[in-house]
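Everything below concerns the one structure shown next.
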Amino acid sequence: MELIEAIEPPSVENMPRWARILLSRARRRTSNASLTDTDLMMIWERCEGRCAVSGLEFSGAAVGAGRARHPFMPSLDQIEPGKGYTADNVRLVCGAANFAMNAWGLDTLIRVARGVIKKAANERADPADHEWYARQDARIEEAEQVASTLAG
């Protein structure tokens with residue numbers, strides 16, 4: 001089931017509510033938060049409206065009834081925690097990824113994601129479909145390469 005509810009991109013003419021909230025939080029949380037509207041627009045363009053960690057398209061879709069029910073909304077992630085919210089130290093990621101990385105780090109998130117993919121693949125795969133397994137192995141290898149570049 002695809003949960004897509006389009007997110008309005010930031011622009012000079014119109015800074016959407018989600019973007020204003022992110023900028024306001026960044027400025028409140030650190031004294032060296034120098035992020036501007038223009039910076040956020042450039043960061044959005046760089047990630048092409050997708051989570052910089054998962055590649056998933058940002059979405060405003062609500063999931064569940066809890067307090068954090070928008071797991072695919074954009075969230076500012078400090079690439080190097082403690083260095084502040086500056087244009088060269090933040091990226092846009094989905095809220096779910098940011099929660100996991102804040103608590104346990106990117107490596108743990110990747111490990112869990114690999115486990116989920118492997119389990120789902122084993123439950124749905126036809127053992128005789130060798131091409132399917134080859135495609136999955138290629139996807140995993142590609143994801144590991146992307147993850148290694150993100151982890152620094």
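The values are calculated or read from the model by the stated rules, or taken from the named source; none is laboratory data. Keep in mind that what you see is a predicted model, and the values were worked out from it rather than measured. Cβ coordinates were reconstructed from backbone atoms using ideal geometry, including for glycine residues, and neighbour counts include every protein chain displayed.
Selection of first residues in segment 106-135 that are more than 15 Å from A147 (Cα to Cα) and of second residues that are acidic (D, E) and outside any helix (DSSP H, G or I), restricted to Cβ pairs under 9 Å at least 6 apart or on distinct chains, gives the following pairs, ordered by first then second residue: W132/D126. Of the residues screened, D77 is one that is among the acidic types (D, E), in the same structural domain as L40 (by TED's automatic domain parsing), surrounded by 15 or more Cβ atoms within 10 Å (Cβ to Cβ) and at pLDDT 90 or above. Of all the listed residues (E123, E57, E144), the sole one being at pLDDT below 85 and either under 18 Å from the mean Cα position of the chain (by Cα) or of a type in the set (V, I, T) (or both) is E144.
Of all residues assigned to segment 41-53, none qualifies as being modelled with pLDDT under 95, part of a loop (DSSP other than H, G, I, E, B), buried (at least 16 other Cβ atoms within 10 Å of the Cβ) and touching a helix residue (DSSP H, G or I) at 6+ places or on another chain (Cβ under 9 Å). Taken as a whole, the condition of being outside the structural domain of I140 (by TED's automatic domain parsing) and assigned to a helix (DSSP H, G or I) applies to L23.
Residue count for segment 80-96 under the criterion of being surrounded by fewer than 21 Cβ atoms within 10 Å (Cβ to Cβ) and either polar (S, T, N, Q) or more than 12 Å from the chain's Cα centre (by Cα) (or both): the result is 9.
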